[in-house]
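Notes follow the structure.
The values are calculated or read from the model by the stated rules, or taken from the named source; none is laboratory data. Predicted model only: the values in this text are computed from it and were never measured. When we count neighbours, we look across all protein chains shown, and the Cβ atoms used for this are built from the backbone with ideal geometry, even at glycine.
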Amino acid sequence: MFGFFLWGWAGVWVLAASGWTFTATFRNPETRAEIETDGGYPLDLADTGVVEEMATAADAILITPPPGPDGCPGLAVLGAALDAPAARWLGYLSTTGVYGDRRGRWVTEASPLSAGFAEGQRRVAAEQRWLELGDRSGRAVTIFRLPGIYGPGRSTLDRVREGRARRIIAPDQIFSRIHVDDLAAGISASIARPRAGGIYNLCDDEPAPNSDVVVYAAGLLGLEPPPPIALEDANLAPAARRFYAESKRVSNARAKAELGWRPDYPTYREGLTAILQAGG
């Protein structure tokens, strides 16, 4: 039996600390090579029958890719296979974008969902469909609402080094984030304490403007931070405009209370410092 089945490769960071045997789906040769390098069993999404077989044999399943206009791709293939009653755990990685813009106010898992863009609205619909599947099947489906994820090789340190970081000044814009290791720990904690219909915000303890993170990363590297740019002068791409169109502080209190989870990197400062000290 395969212990952990990943629909969409999310990286071995989810599994390594807990020693899972895992299978992960892939679409291209590069991703297949990454899975094999990290000790997993790669599974071609084109082999839909095998995908269904592996999913029903797994102890835990994590769905990672974003939904498209036609909905969550995981539901399209796995939905029918997972409809039978089972006690296995299933996690779905969603986004704090489902809350929409809150003008810097705090949100919790009980806050109304008011996604302002199509991407967030699709996440809301996908969350609902996965929770409905859990109700039908008796499976412990858990939703994780995530902010920006960073870690070794994908942090502001890399962007500052490469001259790609932008210090955009956006008054009253507050964002949450999470170190990838803390995300992995939150998922592991949920598997250890499964709760059907559980919904958790996994994020650090200190929402902060993105410009503060850029300045801190530059200081760690001994570099001058990039010059400030007013938001209205930044000429942002559509995805970045959506990012800066929303501002909220995301509470992680429920994950702490119900899962016993605590972020090892409670702010971006600890997270970036640890990445740099590890050579990242």
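On the basis of being without any contact (Cβ under 8 Å) to a residue 60 or more places away in the chain, assigned to a helix (DSSP H, G or I), among the aliphatic types (A, V, I, L, M) and within 17 Å of Arg154 (Cα to Cα), does Ala218 make the cut?
Details: without any contact (Cβ under 8 Å) to a residue 60 or more places away in the chain: yes; assigned to a helix (DSSP H, G or I): yes; among the aliphatic types (A, V, I, L, M): yes; within 17 Å of Arg154 (Cα to Cα): yes.
Yes.
Out of Glu127, Glu162, Glu119, report the one residue that is surrounded by fewer than 21 Cβ atoms within 10 Å (Cβ to Cβ) and under 16 Å from the mean Cα position of the chain (by Cα). From the options Glu127, Glu162, Glu119, the qualifying one is Glu119.
Please work out if Ala240 is small (Gly, Ala, Ser) and modelled with pLDDT under 95.
Values: small (Gly, Ala, Ser): yes; modelled with pLDDT under 95: yes.
Yes.
Quick check: anything in the range 54-63 polar (S, T, N, Q) and either over 24 Å from Tyr200 (Cβ atoms) or buried (at least 21 other Cβ atoms within 10 Å of the Cβ) (or both)? Yes, that holds for at least one residue.
Need the failing condition index for Val180 against (1) at pLDDT below 95; (2) touching a Leu at 6+ places or on another chain (Cβ under 8 Å); (3) surrounded by 21 or more Cβ atoms within 10 Å (Cβ to Cβ), just the number. (2) is the only condition that Val180 fails. Taking the range 41-50 as the range and being at pLDDT below 80 and either in contact with a Gly (Cβ under 9 Å, 6 or more places away or on another chain) or surrounded by 13 or more Cβ atoms within 10 Å (Cβ to Cβ) (or both) as the test, the residues that pass are Leu45, Thr48, Val50.
Does Asp172 satisfy the criteria of being out of contact with any Pro (no Cβ under 8 Å at 6 or more places or on another chain), modelled with pLDDT of 95 or more and of a type in the set (Asp, Glu)? Please lay out each step first, then the result.
On the way: out of contact with any Pro (no Cβ under 8 Å at 6 or more places or on another chain): yes; modelled with pLDDT of 95 or more: no; of a type in the set (Asp, Glu): yes.
For Asp172, the condition - out of contact with any Pro (no Cβ under 8 Å at 6 or more places or on another chain), modelled with pLDDT of 95 or more and of a type in the set (Asp, Glu) - is not met.
Do we find a residue being out of contact with any strand residue (DSSP E or B) (no Cβ under 7 Å at 6 or more places or on another chain) and either within 18 Å of Phe175 (Cβ to Cβ) or surrounded by fewer than 16 Cβ atoms within 10 Å (Cβ to Cβ) (or both) anywhere in the range 89-97? Among the residues of the range 89-97, at least one is out of contact with any strand residue (DSSP E or B) (no Cβ under 7 Å at 6 or more places or on another chain) and either within 18 Å of Phe175 (Cβ to Cβ) or surrounded by fewer than 16 Cβ atoms within 10 Å (Cβ to Cβ) (or both), which makes the answer yes. Selection within the range 19-40: residues that are among the small types (Gly, Ala, Ser) and out of contact with any Gly (no Cβ under 7 Å at 6 or more places or on another chain). The member of this set that is surrounded by the fewest Cβ atoms within 10 Å (Cβ to Cβ) is Gly19.
The residue that is surrounded by the most Cβ atoms within 10 Å (Cβ to Cβ), among those in the range 210-248 that are closer than 18 Å to Gly97 by Cβ and out of contact with any Gly (no Cβ under 9 Å at 6 or more places or on another chain), is Leu236.
In this structure, is Ile149 crowded, with 22+ Cβ neighbours inside 10 Å, in contact with a helix residue (DSSP H, G or I) (Cβ under 8 Å, 6 or more places away or on another chain) and under 30 Å from Val77 (Cβ atoms)? I'd like the intermediate steps shown before the answer.
Working: crowded, with 22+ Cβ neighbours inside 10 Å: no; in contact with a helix residue (DSSP H, G or I) (Cβ under 8 Å, 6 or more places away or on another chain): yes; under 30 Å from Val77 (Cβ atoms): yes.
Criteria not met by Ile149.
Scanning the range 102-142 for residues that are over 17 Å from Pro73 (Cβ atoms) and among the aliphatic types (A, V, I, L, M) gives Val107, Ala110, Leu113, Ala115, Leu131, Ala140.
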